[in-house]
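Student: Quick one: the structure is below, questions incoming.
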Amino acid sequence: MKLVIFILIVVIIYTIYLKYNKKDKNKQLQINLKKYSEYKTLEFNTYGEIKGLGMKYEKYEFDSEVLNEFIETMHTYNNWKKLPLTKNLKVLLEDYILSSSANAEDSSKFKGYINIPPYVKGYYYFIDKNKNRENIDNTILHRQHLGFELFILNTDDKELNHIVMDI
């Protein structure tokens, strides 16, 4: 009986550890972005002014070898989609973020920082923070609160663009 209780306690502690253990991996992306930190060429961050609200943009520029390694890792998880972006994500990126047509003060701060060519070869990965689902962007344009991460891998220019928005 004591052994069963001991095993149960160990399982509970291990489950709690796994749930709250924060690693350097993006939970859903499954790729350790800190591993590529030496390739980060630009970072813009508005988080901190209001807790939990803000926007972040990171740009990574890879050489051919690192790009191939990244693509190999990316294909392991099969979560990435081939470009072009879906219609909703394209509107979100071009109209809301790049052109700053929204009334959000933070989005106007992004103008001039993000320069993604309109036609690129590559892949994208979208995480909807509100729904906790991957690649579901059906209702993203009709919400009062935007919470998402968008990764765009431009294989022509060997660039990874990482956009995080919580507004």
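Student: I'd like the residue in the stretch 1-45 that is hydroxyl-bearing (Ser, Thr, Tyr) and either exposed (fewer than 10 other Cβ atoms within 10 Å of the Cβ) or touching a Lys or Arg at 6+ places or on another chain (Cβ under 6 Å) (or both) and, out of all such residues, is modelled with the highest pLDDT.
Tutor: THR41
Student: May I pose another question? Identify the residue in the stretch 46-87 that is over 21 Å from LYS121 (Cβ atoms) and more than 16 Å from the chain's Cα centre (by Cα) and, among all such residues, is surrounded by the fewest Cβ atoms within 10 Å (Cβ to Cβ).
Tutor: LYS51
Student: Now for a different question. Of the conditions (1) farther than 21 Å from LEU33 by Cβ; (2) at pLDDT 85 or above, TYR124 clears all except one; give me its number.
Tutor: (1)
Student: Continuing with the same structure: Within the stretch 88-97, work out how many residues are closer than 19 Å to LYS121 by Cα and modelled with pLDDT under 75.
Tutor: Within the stretch 88-97, residues that are closer than 19 Å to LYS121 by Cα and modelled with pLDDT under 75 number 1.
The values are calculated or read from the model by the stated rules, or taken from the named source; none is laboratory data. Please read these numbers as outputs of a predicted model, since none were measured by experiment. A quick note on method: Cβ atoms are made from the backbone with ideal geometry, for glycine too, and the neighbour counts reach across all protein chains shown.
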